[in-house]
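See structure below.
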Amino acid sequence: MKNSKRIIIVTCSAGGHFEEVKRATSLLHSLEEYELVLVSYYNDRIEADNTFRKKIYLAHPQKKINKTIVNLFQSLFIIFKHRPKIVISTGADVTLFICIFCKMLGTKLIFIESGANVYSKTLTGRIVYHFSNYFYVQWVPLQKIYPKSHYGGPLF
């Protein structure tokens, strides 16, 4: 029997981005009609963490063209296979193609700019800001840099 739950893809890099996305989505795990699927690159901390029941690992681009191309095709496959209703991202590079492809299919994109940046944009934030449905910043000074953003307060 096919899974009748709607899919929310939660995508992030490891480290601080992962900790932020866990906090940002903590209440969503109780919604029975949605299944949260984590998409990131393989990392021992992410693998050991039990917050997300389903995890999918992508190639980590690391500014290498061959890994970036692999990530592009993996991201395309994931978006077409799972057809998420929503994508939530805290960045960084590993998430970019997921964000782009979800928008091409009309999926809602929620992006949360990194809390590590108080006065400057991240590379992923610079790109995703222009097409995300909701763009949140964790610091008030970033609202001047991202005029259409929403202030959500710090996640930590």
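The values are calculated or read from the model by the stated rules, or taken from the named source; none is laboratory data. Given the structure is predicted, the values throughout are model-derived calculations rather than measurements. Here the Cβ positions follow ideal geometry from the backbone for every residue, glycine too, while neighbour counts run over all protein chains shown.
Can you name every residue in region 126-156 that is closer than 22 Å to Lys85 by Cβ, touching a Lys or Arg at 6+ places or on another chain (Cβ under 7 Å) and not in a loop (DSSP other than H, G, I, E, B)?
Residue satisfying the conditions is Phe135 alone.
Only residues that are within 12 Å of Glu19 (Cα to Cα) and either part of a loop (DSSP other than H, G, I, E, B) or of a type in the set (Asp, Glu) (or both): list them for region 38-51, please.
Residues satisfying the conditions are Asp49, Thr51.
For Tyr134, state whether it is among the hydroxyl-bearing types (Ser, Thr, Tyr), surrounded by fewer than 18 Cβ atoms within 10 Å (Cβ to Cβ), under 28 Å from Glu35 (Cβ atoms) and modelled with pLDDT of 95 or more.
So Tyr134 passes the test.
Filtering region 15-32 down to residues that are in a loop (DSSP other than H, G, I, E, B) and polar (S, T, N, Q), which residue is surrounded by the most Cβ atoms within 10 Å (Cβ to Cβ)? Please lay out each step first, then the result.
Filtering region 15-32 for residues in a loop (DSSP other than H, G, I, E, B) gives 15, 25-27, 31-32.
Okay, now just the ones that are also polar (S, T, N, Q), so 25-26.
On the way: Thr25: 20, Ser26: 11.
Within region 15-32, the match that is surrounded by the most Cβ atoms within 10 Å (Cβ to Cβ) is Thr25.
In region 111-125, is there at least one residue being part of a strand (DSSP E or B) and either free of Cβ contacts under 8 Å to residues at least 40 places away in the same chain or in contact with a helix residue (DSSP H, G or I) (Cβ under 6 Å, 6 or more places away or on another chain) (or both)?
Yes: one or more hits.
Does Leu96 satisfy the criteria of being in a strand (DSSP E or B) and modelled with pLDDT of 95 or more? Please lay out each step first, then the result.
Working: in a strand (DSSP E or B): no; modelled with pLDDT of 95 or more: yes.
Taking the combined requirement at face value, the residue does not satisfy it.
With the condition kept exactly as written, say whether any residue in region 47-59 is touching a residue at least 24 places away in the same chain (Cβ under 8 Å), on the phi < 0 side of the Ramachandran plot, among the hydrophobic types (A, V, I, L, M, F, W, C) and in contact with a Phe, Trp or Tyr (Cβ under 6 Å, 6 or more places away or on another chain).
Within region 47-59, one or more residues are touching a residue at least 24 places away in the same chain (Cβ under 8 Å), on the phi < 0 side of the Ramachandran plot, among the hydrophobic types (A, V, I, L, M, F, W, C) and in contact with a Phe, Trp or Tyr (Cβ under 6 Å, 6 or more places away or on another chain).
So, of the residues in region 51-75 that are surrounded by 16 or more Cβ atoms within 10 Å (Cβ to Cβ) and of a type in the set (A, V, I, L, M, F, W, C), which turns out to be nearest to Phe131 (Cα to Cα)?
The residue in question is Leu72.
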